[in-house]
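See structure below.
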Amino acid sequence: MEPIARRCCSGADRRVCADAAIDRSGGSLSTCLRCRCWAVLLRICCTLRLIADVGPTRAMTVTFLMPALGMVWGVVFLGETITLPMLAGAALIVAGTATVLRPSRLPRVA
């Protein structure tokens with residue numbers, strides 16, 4: 001029998017893909033859920049620590065960079081190609097993030 005992953009990736013059988021998500025033995029599904037829970041817990045801990053260290057505004061700028069970082073990871077791990085509009089979008093994201101992180105020139109009102 002052909003491996004489920006190969007059949008899912010080829011798009012040969014959509015029903016097999018749906019069934020693959022629900023492992024009958026529960027082994028791979030429970031492992032996947034445990035890994036996901038630990039990843040979410042780690043992300044929350046890191047985010048809360050970042051907020052405590054640099055404040056909420058600066059900590060939020062990390063999420064602005066996600067599309068640009070996703071583009072980089074796509075190139076590194078999946079061999080995707082970068083187009084000019086993608087570079088322009090990444091430049092806008094980085095410029096916007098730099099603008100938000102730049103110190104304010106206006107005096108603070110108490």
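For the reader, a short list of remarks on this structure follows.
- Every residue from segment 53-92 that is more than 26 Å from Arg43 (Cα to Cα) and either of a type in the set (A, V, I, L, M, F, W, C) or touching a Lys or Arg at 6+ places or on another chain (Cβ under 9 Å) (or both): Ile82, Leu84, Met86, Leu87, Ala88
- Test for Cys9: is it in a helix (DSSP H, G or I), over 30 Å from Leu101 (Cβ atoms) and modelled with pLDDT under 50: yes
- Residue in segment 28-48 that is at pLDDT 85 or above, assigned to a helix (DSSP H, G or I) and touching a helix residue (DSSP H, G or I) at 6+ places or on another chain (Cβ under 7 Å) present: yes
- A count restricted to segment 61-110 and to residues that are aliphatic (A, V, I, L, M) and in contact (Cβ under 8 Å) with a residue 12 or more places away in the chain stands at 10.
The values are calculated or read from the model by the stated rules, or taken from the named source; none is laboratory data. Just so it is clear, the model here is predicted, and its values are computed rather than measured. No Cβ is skipped: glycine too gets one built from the backbone with ideal geometry, and neighbour counts run over all protein chains shown.
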